[in-house]
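What follows is one structure encoded as structure tokens, with my remarks underneath.
The values are calculated or read from the model by the stated rules, or taken from the named source; none is laboratory data. Computed from a predicted model, the values in this text were never measured in an experiment. Backbone-built Cβ (ideal geometry, glycine too); neighbour counts: all protein chains shown.
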Amino acid sequence: MKMIKVIFFIIIITLFMTSKGVSQIDSTDYKNPKVAVTFAALCPSAGQIYNEKWLKAALLMGIDGYWIYKSFHYQDLHLEDPNKQYYEDSRNKYIWYSVSGYIYGIVDAFVDAHLSGFPKGDIVFYGDKKNYNLFLTIRF
């Protein structure tokens, strides 16, 4: 048990000593929210690309593309057999999914652009001699 405490203490001290704190705001990293919203409205996930959120852009494009594909698929099935209500309901469901994904992409691009000017810190320690606070930020 004492060994675990020593290892934990060494890890905490190492993190404290290697901490850079909060990075300064770089004015070149600031993204214009109007441009991000315009890009996102013109093409899904283009706002995320403008904000340099590559993983988010790929996921949003893939999910939105899948929902659009499924809505066309169920539309074709509905045209072949108009008596089945299931095809029409499924088509409408996927259309609503794709519309909500489109709106989510616009809102997300707007929020990411607004938050682009905030400092991005890795690990921040602060406190007095009795209390220490540790914040860990994980960026994707």
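Considering region 68-120, the residues that are part of a helix (DSSP H, G or I) and basic (Lys, Arg) include one that is surrounded by the fewest Cβ atoms within 10 Å (Cβ to Cβ), namely Lys93. Note on region 77-118: residues that are over 17 Å from the mean Cα position of the chain (by Cα), within 30 Å of Lys34 (Cα to Cα) and not hydroxyl-bearing (Ser, Thr, Tyr) amount to 3. Selection of region 24-38 for residues being surrounded by 11 or more Cβ atoms within 10 Å (Cβ to Cβ) and at pLDDT below 60 yields Ile25, Asp26. Scanning region 39-67 for residues that are under 18 Å from the mean Cα position of the chain (by Cα), surrounded by fewer than 17 Cβ atoms within 10 Å (Cβ to Cβ) and outside any loop (DSSP other than H, G, I, E, B) returns Ala41, Trp54, Leu55, Ala58, Leu59, Gly62, Gly65.
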